[in-house]
Amino acid sequence: MPAPKPPEIRFGPAGWSYADWKGIFYPKRRPRGFSEPGYIAEFFDTIEINTSFYNPLNPDHCRQWTEQVSGNPRFLFTAKLWQKFTHEIGATAEDEKSVRSGFDVLREKGKLGAVLLQFPFSFHNNQGNLARLQELLARFRDYPLVVEVRHATWNEKPFFDLLAEHRAGFCNIDQPIIGRSLEPTDHVTSPIGYVRFHGRRYDTWFSEDPEIPAYERYNYLYSSEELKPWAARVEKIEQESKSIYVITNNHFAAKSIVTALTLMHILNKSRVKVPEPLRDHYPQLDKIADQPRESPTLFPAS
């Protein structure tokens with residue numbers, strides 16, 4: 001009897017449209033036909049679509065994205081559900097239709113890996129919020145759903161049983177642990193395993209100071225030592241999943257790309273393909289790169 005097929009682990013960043021990535025991750029001079037999703041697909045097998053959190057996806061854009069990543073047959077997108085459903089009350093049938101128009105294109109093209117229901121820290125485990133969650137799980141049950149909560153009140157068996165009952169995955173997160181913040185976990189409630197890294201900027205995570213740029217919440221670079229316990233958690237999740245998505249959201253200055261590459265190296269126990277511009281800004285990547293630099297540096301990483 002053949003051995004069971006190991007689950008597929010897909011690594012990738014949350015979002016791709018960041019001006020500060022130019023010249024750090026993306027090349028300064030882009031060749032004709034360059035696309036950001038297509039470029040990411042050369043190094044990773046997934047991207048979490050971030051814009052779907054702010055507005056429903058444009059179906060034409062979704063078609064373009066699926067074509068742009070077609071060079072990587074393993075590639076799958078994940079996408080956040082519109083915040084009108086997770087952060088607000090009163091989403092209409094028309095709102096649902098708008099959301100589905102983009103998701104359905106990704107699904108029809110065989111490129112939708114998961115839909116993430118991301119709830120805020122203020123979303124606590126109480127009767128009203130449980131009812132809201134159950135309504136959403138039923139409303140979008142035809143999609144491969146994953147739920148992210150950030151408050152520690154959700155870390156209890158009845159909640160995980162509810163997700164399992166609806167065949168919805170649980171998103172294990174790394175975030176600054178402040179007050180009742182949910183601490184690192186390795187739960188699996190569906191065939192989909194999901195992990196997200198937000199960084200550990202304790203000083204800016206809950207900041208409302210208008211003088212602090214929003215991106216500072218995600219301006220954090222994980223060390224290899226910080227990631228090793230998470231590699232062990234992913235390996236545990238791997239034992240109970242059919243597919244796993246490891247998403248890095250510490251996006252400022254392409255730190256999410258560095259984090260994803262480092263995790264790939266730790267988990268796969270092999271060297272990884274590293275984009276050339278990134279090596280100039282993060283020379284520590286030379287230690288895990290599968291190829292020497294195109295142009296030797298005067299100050300190689302020790």
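How high is the relative contact order of the chain? Use alpha-carbon pairs under 8 Å, at least six apart in sequence, and give a whole percent. Reported relative contact order: 19 percent. For the chain, the dipole from Cβ point charges (+1 on Lys and Arg, -1 on Asp and Glu) about the Cα centre works out to 680 debye, to the nearest 20. Please go through the residue pairs LYS84/LYS109; LYS22/LYS111; LYS228/LYS269; LYS157/LYS228; LYS236/LYS269; LYS80/LYS111 and name each one whose alpha carbons sit more than 20 Å apart in this structure. Going by Cα-Cα distance, LYS84/LYS109; LYS22/LYS111; LYS157/LYS228 fall outside the 20 Å limit. May I ask what percent, to the nearest 5, of DSSP beta bridges between residues of the chain are antiparallel? Given both bridge residues lie in the chain, the antiparallel proportion sits at roughly 5 percent. Rounded to the nearest Hz, the phi-derived 3J(HN,Hα) couplings of segment 69-80 under the Karplus curve 6.51 cos²θ - 1.76 cosθ + 1.60 (θ = phi - 60°) are 9, 5, x, 10, x, 7, 6, 9, 8, 10, 8, 6, where x marks glycine and proline.
When +1 charges are put on Lys and Arg Cβ atoms and -1 charges on Asp and Glu Cβ atoms, the dipole computed for segment 108-220 relative to its Cα centre reaches about 340 debye. Taking Cα atoms only, the orientation of helix 224-238 departs from the longest principal axis of the chain by about 50 degrees. Ordering VAL149, VAL188, PRO27 by Cα displacement along the dipole of the chain toward the positive end leaves PRO27 in first place; charges were set at the Cβ atoms of Lys, Arg (+1) and Asp, Glu (-1).
Shape of segment 6-83 from its Cα gyration tensor (a ≥ b ≥ c, root eigenvalues): rounded if a/c is under 1.5, otherwise prolate when a/b > b/c, or oblate? Mind dumping the intermediate values first?
On the way: a/c = 1.45, a/b = 1.13, b/c = 1.28.
Judged from the Cα gyration tensor, segment 6-83 comes out rounded (a/c under 1.5).
Note on the chain: dipole from Cβ charges, positive end direction compared against ILE89, ILE244, ILE40; the farthest Cα belongs to ILE40. Phi angles of segment 104-110 translate, via the Karplus equation with coefficients 6.51, -1.76, 1.60 and θ = phi - 60°, into HN-Hα couplings of 5, 5, 4, 5, 4, 7, x Hz per residue; Gly and Pro are given as x.
Under 5 Å from the amide H of THR248 lie the amide H atoms of GLY12, ALA14, PHE197, each residue being 5 or more positions distant or on a separate chain, with H modelled from the backbone and absent for Pro and chain starts. Please state the shape class of segment 187-259: rounded when a/c is under 1.5, otherwise prolate if a/b exceeds b/c and oblate if not, all from the C-alpha gyration tensor. It comes out prolate by the Cα gyration axes. Rounded to the nearest 20, the Cβ-based charge dipole of segment 194-256 about its Cα centre (Lys and Arg +1, Asp and Glu -1) stands at 320 debye. Amide H to amide H distances under 5 Å link GLY193 with LYS242, SER243, ILE244, TYR245, where only residues 5 or more positions off or on other chains count and H is placed in the peptide plane.
Any read-out appearing in this document is the output of simple, stated calculations on the displayed coordinates, not a laboratory observation. What you are looking at is a predicted structure, and each value in this text was computed from that prediction instead of being measured. Because the Cβ atoms are built from the backbone with ideal geometry, glycine has one as well, and the counts that use them run over all protein chains shown.
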